[in-house]
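Before any comments, here is the structure.
The values are calculated or read from the model by the stated rules, or taken from the named source; none is laboratory data. Note that the structure is a prediction, hence the values are computed from the model and not measured. Note that we place each Cβ from the backbone using ideal geometry, even for glycine, and neighbour counts take in every protein chain shown. The protein model used for the area step is the full one, side chains on, heavy atoms only, and it has no ligands, DNA or RNA in it. Shrake-Rupley method; radii C 1.70, N 1.55, O 1.52, S 1.80 Å.
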Amino acid sequence: MLFIANWKMNPTSLKQAQKLNKNIKDKLKKINKEKKAKVIICPPTIFLSKLFQKNKLIQYGVQNICFEERGAYTGEISVLMAKDQGANYSIIGHSERKQIAGEDNYTISQKVNLCLANNIKPILCVGENLQEKNHAKTGLVIREQLQIALKNVKINDIEKIIIAYEPVWAISSQDNARPGTPDSILGASIIIRKELLNLYNHDVATNIPVIYGGSVSKDNVLDYSGNSNLNGFLIGSASLNAFDFSQIIEKYIQSAQKQT
Ligand code: PEP
């Protein structure tokens, strides 16, 4: 089970970031002895090298990379730099990047390929916005996002990708955000796996991790526990609190254990 923390542009000092990282690690020592949870933290890139330590409890990622490997791109971070500083993962195509920086599916495709070429696992975000949802376009949008983002990804590489279903309307930073219902998440995870079957094969469609992100909290995480299509969560605001984040992990693992 994957539990990926997206800290976004938080916290605002290295000291606070180190404290949060340590608190999460301390909690994981207690609740994840059997290593049932794979925890990945994506802090602000500027803190990454100060937090990164090779360890069995937490792996690290970045929240974005530049669409080019090197060159005159003021303010950007290269995939080579991310790798050099300890990242093994990168979130790609987060809806906030689409909104803030106007990223489109083609740029996302470039970034996915750059990650794969440099041994960084992409956490590829897909999902519809509220308007698309209201016009019953969820399937159409997800399929198009996957088709373009994965266009140049060969079958040997596809297994390195994690797909995060993040409906924009469910992300806590949005006005009137509300978590996706278990049924809507189940529906979207089926759409994603069907499209992977269409683009690749049955093994790929079954084995690729599909995770959900959007207002996941310690109070609602168990609502999703019956969905065997789901392999974990991408967690934003609740990952900024070590207690809340670890509760999400602990509750989910315990419930998964009871079901087996
Ligand atoms: C996110 O932005 O990736 C996210 C899932 O945020 P939140 O959990 O705060 O909705």
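Residue pairs, Cβ under 8 Å, 6 or more apart or interchain, first in the range 168-195 and near the ligand (Cβ under 10 Å from one of its atoms) and in a helix (DSSP H, G or I), second open to solvent by 20 Å² or more (accessible area, probe 1.4 Å) and not aromatic (Phe, Trp, Tyr). List them.
Qualifying pairs under 8 Å: Val168/Asn129; Val168/Leu130; Val168/Gln174; Ala170/Ala177; Ala170/Arg178; Ala170/Pro179; Ala170/Ser215.
Being touching a residue at least 40 places away in the same chain (Cβ under 8 Å), charged (D, E, K, R) and surrounded by 16 or more Cβ atoms within 10 Å (Cβ to Cβ) narrows it down to one residue among Lys36, Lys8; which is it?
Result of the check over Lys36, Lys8: Lys8.
May I ask you to verify whether Ala238 is within 11 Å of the ligand (Cβ to nearest atom), in contact with a helix residue (DSSP H, G or I) (Cβ under 7 Å, 6 or more places away or on another chain) and either open to solvent by less than 30 Å² (accessible area, probe 1.4 Å) or part of a loop (DSSP other than H, G, I, E, B) (or both)?
When the stated conditions are applied, Ala238 passes them.
Please go through the range 109-144 and give me each residue that is open to solvent by 20 Å² or more (accessible area, probe 1.4 Å) and within 16 Å of the ligand (Cβ to nearest atom), ordered by number.
Hits for the range 109-144 are Asn129, Leu130, Lys133.
All but one of (1) among the hydroxyl-bearing types (Ser, Thr, Tyr); (2) away from the ligand (no atom under 12 Å from the Cβ); (3) in contact with a strand residue (DSSP E or B) (Cβ under 7 Å, 6 or more places away or on another chain) hold for Tyr200; which doesn't?
That leaves (3) as the condition not met.
Going by what's in this entry, would Ile155 be described as open to solvent by 70 Å² or more (accessible area, probe 1.4 Å) and either among the hydrophobic types (A, V, I, L, M, F, W, C) or touching a Ser or Thr at 6+ places or on another chain (Cβ under 6 Å) (or both)?
Yes: the conditions hold for Ile155.
Could you list, in sequence order, all residues of the range 84-108 that are open to solvent by 50 Å² or more (accessible area, probe 1.4 Å) and of a type in the set (D, E, K, R)? Steps first, answer last, please.
Here is the first cut: in the range 84-108, the residues open to solvent by 50 Å² or more (accessible area, probe 1.4 Å) are 84-85, 88, 97-102, 104, 106.
Matches in the range 84-108: Asp84, Arg97, Lys98, Asp104.
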